[in-house]
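Below is one structure, written out as structure tokens; the observations come after it.
The values are calculated or read from the model by the stated rules, or taken from the named source; none is laboratory data. Computed from a predicted model, the values in this text were never measured in an experiment. Here the Cβ is made from the backbone with ideal geometry for all residues, glycine too, and neighbour counts use every protein chain on show.
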Amino acid sequence: MPDSWQPTAGVETARRRATLLSEVHRYFADQNVLLVDTPTLGRFAASDPQTESLLVAAGDGSCRYLQTSPELFMKRLLAAGYPDIYAIAHVFRDGEEGLRHATEFTMIEWYRHGFELADIVGDTIGLISQCLERPALADGPAIVDYAAAFRDRAGIDVFSDDVTELARRAGADSALSDQLGQDRDAWLDLLLSTLVAPSFESEQLTVLQHYPDSQAALARPCPADSRLADRFEVFYGDLELANGYVELTDACEQRRRFAADRSLRGRRGQAVHAPDPQFLAALSNGLPDCAGVAVGLERLHMLYDQTSDIRDVLSFATEVPHA
């Protein structure tokens, strides 16, 4: 094709992206949140079994990983005494391609000292509302507990239903059952995307909060119920926009979770990665009480442009494989 060198998105798309970025910067500047920069390449890969890092081989034979999030670097800044901070970073996740996913995308991530769950949820809604300025957002979000959403919208008890019941609810065939096996959280993730999230109001923000402790990631346990974690996600319709939590500050518990990640990766046949010792050292030194959130800029742009395909907001969508 003679014009295949050209960008796939026009100037007006780029202007709208620039407008969104300006709103993000304005939101944080108004609240005296410091913009920071973090490395794109790091020596350690993501621990999360749901996320795969891209490996880069250096000329000296060493290896680096394109970062899946600026999170661990930003927490090292917080442990070193930084105030409230935010970053806008290009991040990379292997195998994530589709209408809503790209291997490379832009993450807005920030951390607030002393914020509890309700505080950081409100902060997230504030940023999204400022960026989108949609009348439908004026009434505020629906706030739903994870367990209640599964119970009321899918008839599932996330605490007691076993894998057989979850597979039945998912209408799983033998191939899917073989793929997910006995991994309850994998089944719950599937049911969230296929049954629960599609039931959310299509033109409203929904906050799904208090995830099971098995899906805590780097969130602290919920003080009121040890079965839960102070983690939340924000959706517009069934489109996930944000993932955040009140942060875990216990280095011993974090080591245990990293070990559990490595064990699960091994059982799944995934690459098993060493934990980042500098992050663990920072956590041992003392991470202040804080809460953090990650928001996908391209997801916001998709809503801004009213498109369901992430490639429509990328200047070079030909670099993104089709799912």
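A few comments on the model shown:
- One residue stands out among those in segment 104-130 that are among the polar types (S, T, N, Q) and not in a strand (DSSP E or B): the one that is farthest from Tyr245 (Cα to Cα), which is Gln130.
- Failed condition for Ala172, given (1) without any contact (Cβ under 8 Å) to a residue 60 or more places away in the chain; (2) assigned to a helix (DSSP H, G or I); (3) of a type outside the set (D, E, K, R): (2)
- Restricted to segment 154-169, and to residues there that are outside any loop (DSSP other than H, G, I, E, B) and out of contact with any Leu (no Cβ under 7 Å at 6 or more places or on another chain), the residue that is farthest from Ala216 (Cα to Cα) is Arg168.
- Test set (1) in contact with a Phe, Trp or Tyr (Cβ under 9 Å, 6 or more places away or on another chain); (2) among the hydroxyl-bearing types (Ser, Thr, Tyr); (3) under 23 Å from Asp289 (Cβ atoms) - Ser69 fails condition number: (1)
- Pairs with Cβ under 7 Å, 6+ apart, first in segment 33-49 and loosely packed, with under 13 Cβ neighbours inside 10 Å, second of a type in the set (Gly, Ala, Ser) and assigned to a loop (DSSP other than H, G, I, E, B): none
- Listed conditions (1) touching a Ser or Thr at 6+ places or on another chain (Cβ under 6 Å); (2) surrounded by fewer than 20 Cβ atoms within 10 Å (Cβ to Cβ); (3) closer than 25 Å to Phe115 by Cβ are all met by Gly237, apart from (3).
- Taking segment 248-274 as the range and being in contact (Cβ under 8 Å) with a residue 12 or more places away in the chain, not in a helix (DSSP H, G or I) and not β-branched (Val, Ile, Thr) as the test, the residues that pass are Leu248, Asp250, Gln270, Ala271, His273, Ala274.
- Exactly one residue out of Ala118, Ala102 is surrounded by fewer than 20 Cβ atoms within 10 Å (Cβ to Cβ), among the aliphatic types (A, V, I, L, M) and closer than 30 Å to Tyr82 by Cβ, and it is Ala118.
- For Phe73: the one exception among (1) farther than 27 Å from Ser214 by Cβ; (2) surrounded by 20 or more Cβ atoms within 10 Å (Cβ to Cβ); (3) of a type in the set (A, V, I, L, M, F, W, C): (1)
- Criterion: modelled with pLDDT of 95 or more and more than 29 Å from Ala197 (Cα to Cα) - qualifying residue of Leu280, Leu241, Leu248, Leu297: Leu280
- Only residues that are among the acidic types (Asp, Glu), part of a strand (DSSP E or B) and more than 23 Å from Leu303 (Cβ to Cβ) were counted in segment 204-247, giving 3.
- Residue in segment 11-30 that is of a type outside the set (Ser, Thr, Tyr) and part of a loop (DSSP other than H, G, I, E, B) present: no
- Looking across segment 182-200, the residues that are outside any helix (DSSP H, G or I) and either acidic (Asp, Glu) or surrounded by 13 or more Cβ atoms within 10 Å (Cβ to Cβ) (or both) come down to Asp183, Phe200.
Every residue, every condition in (1) over 25 Å from Asp230 (Cβ atoms); (2) of a type in the set (A, V, I, L, M); (3) under 24 Å from the mean Cα position of the chain (by Cα), yes or no:
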position: Gly114; (1), (2), (3): no, no, yes
position: Ala118; (1), (2), (3): no, yes, yes
position: Ile125; (1), (2), (3): no, yes, yes
position: Arg134; (1), (2), (3): yes, no, yes
position: Gly140; (1), (2), (3): no, no, yes
position: Ala149; (1), (2), (3): no, yes, yes
position: Ala154; (1), (2), (3): no, yes, yes
position: Leu166; (1), (2), (3): no, yes, yes
